[in-house]
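**Q** Before we start, here is the structure in question, set down as structure tokens.
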Amino acid sequence: MLFEKFDSADLRLVNLPDESSRIIDQWVQHTPFADGWTDALTVVVPSADVVDVPGDEIKKMQTIRWTAEPPWGEAAEFRITLIEKDQSALLFDWPASRRLSVIGAYRVVTGTTVVVTHHRTELTDKVVQALTRVRAEQYAGLPSNFSISPETGPRTVATARFADGYRIYYDLALTGPPPTTWP
């Protein structure tokens with residue numbers, strides 16, 4: 001039930017409505033998928049977009065929880081779930097071939113628990129085609145003085161929005177010219 005939304009070709013680039021702000025989107029809580037459990041949003045990083053940024057000092061930080069790179073053609077998926085304070089654990093039938101791990105959890109002032117999970121997901125042909133399209137749109141709109149050098153670590157975001165308010169954000173690298181097909 002939780003993973004059927006990922007086969008969407010309705011991907012769009014995220015454009016800042018106001019260049020003086022770094023807010024890309026404002027989340028409005030939608031209907032819980034189970035009593036007291038809300039699947040808030042998902043961030044997906046395709047394997048092609050896990051790139052090394054030479055000289056990046058953040059890789060040395062021990063306070064960051066690092067996950068293994070996804071195999072080519074797959075993606076790392078980070079899902080954020082909200083659990084209301086009166087709710088307990090649910091049992092899920094997770095796909096056996098995909099390892100799910102809890103990255104972290106914390107309680108906010110309202111008593112709601114925020115849980116961040118990670119697992120690997122395969123990119124469907126429809127999503128790969130949509131990602132290829134949005135990458136080409138992004139490259140076509142770049143100013144001539146924009147650096148796509150790996151040292152600058154340029155990235156963009158594409159999003160899929162669903163009728164129930166759920167959002168998936170695709171974190172994409174902008175390093176080098178876009179190939180015609182890019183998983």
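**Q** If Ala158 meets every condition in (1) assigned to a helix (DSSP H, G or I); (2) surrounded by 14 or more Cβ atoms within 10 Å (Cβ to Cβ) apart from one, which number is that one?
**A** (1)
**Q** Select from the stretch 43-84 the residues that are free of Cβ contacts under 8 Å to residues at least 24 places away in the same chain and more than 23 Å from Leu131 (Cα to Cα) and list them in ascending order.
**A** Here is the first cut: in the stretch 43-84, the residues free of Cβ contacts under 8 Å to residues at least 24 places away in the same chain are 57-64, 66, 68-69.
If the condition is that a residue be free of Cβ contacts under 8 Å to residues at least 24 places away in the same chain and more than 23 Å from Leu131 (Cα to Cα), then Glu57, Ile58, Lys59, Lys60, Met61, Gln62, Thr63, Ile64, Trp66 are the ones that fit.
**Q** Filtering the stretch 70-129 down to residues that are over 27 Å from Ala173 (Cα atoms) and touching a Gly at 6+ places or on another chain (Cβ under 8 Å), which residue is modelled with the lowest pLDDT?
**A** Of everything passing the filter in the stretch 70-129, Gln87 is modelled with the lowest pLDDT.
**Q** Taking the stretch 22-41 on its own, how many of its residues are open to solvent by 30 Å² or more (accessible area, probe 1.4 Å) and of a type in the set (Ser, Thr, Tyr)?
**A** Counting residues in the stretch 22-41 that are open to solvent by 30 Å² or more (accessible area, probe 1.4 Å) and of a type in the set (Ser, Thr, Tyr) gives 1.
**Q** Further question: Can you work out which of the residues in the stretch 103-144 that are part of a strand (DSSP E or B) and either open to solvent by less than 20 Å² (accessible area, probe 1.4 Å) or hydroxyl-bearing (Ser, Thr, Tyr) (or both) is nearest to Trp66 (Cα to Cα)?
**A** Among them, the one singled out is His118.
**Q** Among (1) on the phi < 0 side of the Ramachandran plot; (2) assigned to a loop (DSSP other than H, G, I, E, B), which single condition is Gly165 missing?
**A** All conditions pass for Gly165, except number (1).
**Q** List, please: which pairs have Cβ atoms under 7 Å, are six or more places apart or on different chains, and start with a residue in the stretch 25-42 that is under 12 Å from Arg161 (Cβ atoms) and end with one that is surrounded by fewer than 15 Cβ atoms within 10 Å (Cβ to Cβ) and of a type outside the set (Val, Ile, Thr)?
**A** From residues that are under 12 Å from Arg161 (Cβ atoms), the pairs are Val28/Gly165; His30/Asp164; His30/Gly165; Leu41/Trp27.
The values are calculated or read from the model by the stated rules, or taken from the named source; none is laboratory data. Model, not experiment: these values are computed from the prediction. Note that we place each Cβ from the backbone using ideal geometry, even for glycine, and neighbour counts take in every protein chain shown. For accessibility, only protein heavy atoms count, side chains too; no ligands or nucleic acids. Shrake-Rupley method; radii C 1.70, N 1.55, O 1.52, S 1.80 Å.
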